[in-house]
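Student: Structure provided below as structure tokens; questions to follow.
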Amino acid sequence: MAEPLAARLAWNTRAFLMLAGMWVRVSWTYRASFLLMTLASVVITGIDFVAIMVMFTNVDSLGGFGLRDIAFLYGATAVCLGLADLVVGNVERLGRRIRLGSFDAMMVRPVGVLVQVCADEFAIRRLGRVAQGSLVLAWAITRVDVDWDPARVLVTVGMLVCGTLIFTGIFVLGASFQFLTTEGSEVANAFTYGGNAMTQYPLTIYPREVVRALTFLVPVAFVNWYPTLFVLDIPDPFGLPAALQLASPVAAVVVCALAALAWRTGVRRYRSTGS
Amino acid sequence: MLYVAVALRSFRRYSTYTAATLAGIFTNSVFGVIISFTYIAVWKENPTAGGYDVTDAVTFCWLAQAMIMTVAVWGGGTTDDVADRIRTGDIVIDLYRPVSFLGWYLAGDLGRSAYHLLTRGLAPTVVGALLFDLRFPDSPATYLLFLVSVALGVVVSFGIRMLVACTAFWLLDQTGVLSLAMVCAVFFSGLAVPLVLFPGWTRDLVLALPWAALVQTPIDLWLGHSTGVEAVAGLGLQATWAAVLLLGCGLVLRVADRRLVVQGG
Amino acid sequence: MSLIEVEDLSRTFVVRRRAGRVRRTTDVVHAVRDLSFDVERGEMVGYIGPNGAGKSTTIKMLTGILVPTGGRLSVAGIDPSRQRVDLTRRIGVVFGQRTTLWWDLPLRDSFDLLRRIYRVDPQRHRRNLDEFTELLDLGALLDTPVRQLSLGQRMRGDIAAALLHDPEILYLDEPTIGLDVVSKGRLREFLRRVNEERQVTLLLTTHDLQDIEQLCRRVMVIDHGSLVYDGSLAGLHARGESTRTLVVDLVDEAAPIEVPGARVTRVEGPRQWLSFPAGASAAPIVASVASGYDVADLSIQEPDIEDVIREIYSRR
């Protein structure tokens, strides 16, 4: 406990890279399969966008937004979910780790147990989603009608950082429930992947109540929607305060703090398996 | 009657995962809501897109959610057992059982799909009907046609999944093939976006591919978009694909069997 | 201060059970109840009891895996549940039934990863690894992935892994389970050596009483979450009112022998079995038998510790 927070953070980051690096080396020994799966990951995560393009062969806009604007929203949320999934996505296997007893083994090693759960079976192929999202986002950035001043560049970068943190928090928060019941991992998916699916479209296609829920309850609207309104210079279609457009860091801090609290509580209430 | 017993046992096996089933229904419902709003937005811009109206589109969305597990669009089912048993070598036992190998596993998969139809098929449909205005068939005959079509869809899906599982005879690691197969199933079945929205000739192409039998064909029967001759043609195409795929499976298994003998098991 | 201090340690589990279709009842299960004991540096302690008695729960609290619901606990001056990560560097844990090594990695890579995780100085690591490789005969296994090792080989790898960072305490949960007689013997020899030469304190749970007889001077017996015995192995025999047996081979068949302090339990031709309390000395009995009868041969059978423990449980 004497170790300051910064040192602990640095050590846990290093340990994560060490453990994850080991898994990357292991997967690299099955090169062909690894490359095929990375490719598959790019294609799978790209289906959603192709589906949007198919829709746009029938319409010119959705919820008042054109294809380029939607590509901006889509790319942003894909990059954020992809990065969060890459780093902490494995946390959803917590229930399995508990059942198999490998969680006990992690508890007696000098590395944060969350770091170990996330790094275990680390799959670099998940970069596929990040790559796919980046491509769409890059295309959108070159096409959207925006005057790129420093403020907009800053908000765009901040959007990617905060969005990643929001999804990271939701992943960990959802997984923490597996300390109580090890069977509910799919419910958490509804919030992470579901949150991602919702934010692929302009929120104007949803009723007002849904948008409120996505703002104040499960704040995925801060991943891309509010920053995008700022970047594209669109007044809030629901008449919500413009301050929300710059509030993503607040949402990220709140979600991550809640996640940390839930995780710590879970670890302290952990019951282990067997006798 | 052996196959009925196998199907029943499989039904019971899947019915033990209650918590997972409830969680799955929740997820299907959440995605049903999200996709409904997306379709509503599309049909608001273009009220006759793909020949559907907005009620058709929303109904399509919920039925598609109901089909995910029923016809195993994302994979899974008894063919996963086959892949496992090929890897461990236990498959040899199955191949020399005095019952049809394909029949055995198909019966199991139909039992599984019956369970999933009653839980993960029915529940999201009810949720969808409570939240949105859905279209229901007005004649019992349509329900019957729909069920026949779903059953054929399961067989087609089984055939595809079995072929994928059989790649394990030759490839050490089938996860790559599995994910590519999943991409095709999600995209070409209508789950990602109704196939009727595809532009021009691509629409005719995807409707003729085997994956259309998984989601698009049964739902078109439900919505009453294919009636009479069209309905028969739809079912006929499904049956044709089912037969072709099962024949393909038989062929592949024979080749694999010979390979096992040559290698000495 | 003792290395391990346990005072009134308790752990309850709330178990929800289905009672009918929807209704559920809640039970509180006392896995460990008011446990108190100390362990000094350098001790080798056997921790035994039937399945579900609370052995694993105790070990999991001592390692910080489980948080106690009551009582006080200190291991090497550290509260395990509050400072779990700090404690990990000072203890080693071996779970008998499952490995803590990485399934897909060769043993050597697992060890190297552990070195970096525990931040062990490379030179010290090399020295330890060389020693363990020799003592545990791991040389030929270092490049084999863990998944391909036999149970005995894996256990040796696991024990080496648990000791590479020079822990002060080594917890072993069923270390000899499933091993053949030769492997068990080698493992016990190694553990004795680690205890003597490295002053590592050992606490082991086991079903195999031979482990205890050959390794531990001190035994703790737990049942239904409470400590029912804590002391020497000899004392355990006395406590269980166990008996030793004097086997007498007479020159000729005779009526049952009558000597003070012992009684005949079995007669088979010229051979007779006399039982007497394990705590008593055999000398006076042997003397009276030898002076009163024509004896061809004599031998003494030690009591079976399993019988002793069964006795303790049955009397509760």
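Student: Kindly identify segment B:2-263 as rounded, prolate or oblate by the Cα gyration tensor criterion: order the square roots of the eigenvalues as a ≥ b ≥ c, call it rounded if a/c is under 1.5, otherwise compare a/b with b/c, prolate if a/b is larger, else oblate.
Tutor: prolate
Student: Under a Cβ-only charge scheme (Lys and Arg +1, Asp and Glu -1), can you give me the dipole magnitude of the protein assembly as shown about the Cα centre, in debye to the nearest 20?
Tutor: 900 debye
Student: So how tilted is helix C:107-117 from the main axis of chain C? Cα-based, degrees 0 to 90, rounded to 10.
Tutor: The angle comes out at about 60 degrees.
Student: Normalised by the number of residues in chain C, what is the relative contact order in percent for Cα pairs under 8 Å and 6+ residues apart?
Tutor: Relative contact order for chain C comes out at 18 percent.
Student: Once phi is turned into θ = phi - 60°, what whole-Hz ³J(HN,Hα) does the Karplus curve with 6.51, -1.76 and 1.60 give for every residue of segment A:190-201, x standing for Gly and Pro?
Tutor: Going residue by residue, I get 4, 7, 6, 5, x, x, 5, 4, 5, 7, 6, 10 Hz, with x marking Gly and Pro.
Student: Sticking with this one: How far, in degrees from 0 to 90, does helix C:122-135 lean away from the longest principal axis of the Cα atoms of chain C, to the nearest 10?
Tutor: The helix C:122-135 is inclined about 30 degrees to chain C.
Student: Let me ask something else about it. Please build a GNM for chain A, connecting alpha carbons under 10 Å apart, and tell me which residue among A:16, A:191, A:56 fluctuates the most.
Tutor: Of A:16, A:191, A:56, the most mobile in the Gaussian network model is A:56.
Student: Can you tell me the dipole magnitude for segment B:2-263 around its Cα centre, using point charges on the Cβ only (Lys, Arg +1; Asp, Glu -1), in Debye to the nearest 20?
Tutor: Dipole about the Cα centre, nearest 20: 700 debye.
Student: OK, next. Over all residues in A:186-192, what is the mean tally of Cβ atoms on other chains that come within 10 Å of each residue's Cβ?
Tutor: 5
Student: Using Cα pairs under 8 angstrom and six or more residues apart, how large is the relative contact order of chain B, in percent?
Tutor: Relative CO of chain B lands at 25 percent.
Student: Could you state the number of Å between the C-alpha centres of segment B:235-258 and segment B:92-106?
Tutor: 15 Å
Student: Between segment A:203-275 and segment B:179-213, what is the separation of their alpha carbon centroids in Å?
Tutor: Here the answer is 34 Å between Cα centres.
Student: Which whole number gives the average count of other chain Cβ atoms within 10 Å of the Cβ atoms across peptide C:103-114?
Tutor: Mean inter-chain Cβ contacts per residue within 10 Å come to 2.
Student: Just counting partner chain Cβ atoms within 10 Å, what average do the residues of peptide C:90-100 show around their Cβ?
Tutor: For this peptide, the per-residue mean of nearby foreign Cβ atoms is 3.
Student: By its C-alpha gyration tensor, with a ≥ b ≥ c as the square roots of the eigenvalues, how is segment B:1-64 shaped: rounded for a/c under 1.5, else prolate for a/b larger than b/c, else oblate?
Tutor: In terms of gyration-tensor shape, oblate.
Student: Output the antiparallel fraction of DSSP beta bridges having both residues in the protein assembly as shown, as a percent to the nearest 5.
Tutor: If I count the DSSP bridges inside the protein assembly as shown, around 70 percent turn out antiparallel.
Student: In debye to the nearest 20, how big a dipole does segment C:56-120 give about its Cα centre with +1 on each Lys and Arg Cβ and -1 on each Asp and Glu Cβ?
Tutor: 160 debye
Student: Separate question: When only C-alpha pairs under 8 Å and at least 6 residues apart count, what is the relative contact order of chain A, in percent?
Tutor: Rounded, it is 26 percent for chain A.
Student: Which angle between 0 and 90 degrees, to the nearest 10, do you get for helix A:5-28 versus the longest principal axis of chain A when only C-alpha atoms count?
Tutor: 90 degrees
Student: Which of the three applies to segment A:154-218, rounded, prolate or oblate, going by the alpha-carbon gyration tensor with a ≥ b ≥ c and a/c under 1.5 meaning rounded?
Tutor: oblate
Student: Please give the Cα centre distance for segment C:23-76 versus segment A:1-72, rounded to the nearest Å.
Tutor: About 43 Å separates the Cα centre of segment C:23-76 from the one of segment A:1-72.
Bear in mind these aren't lab numbers, they're just calculated from the coordinates by the rules spelled out. As the structure is a computational prediction, the values presented were derived from the model and not from experiment. Positions of Cβ are generated from backbone atoms using ideal geometry, with glycine treated the same way; all protein chains shown enter the neighbour counts.
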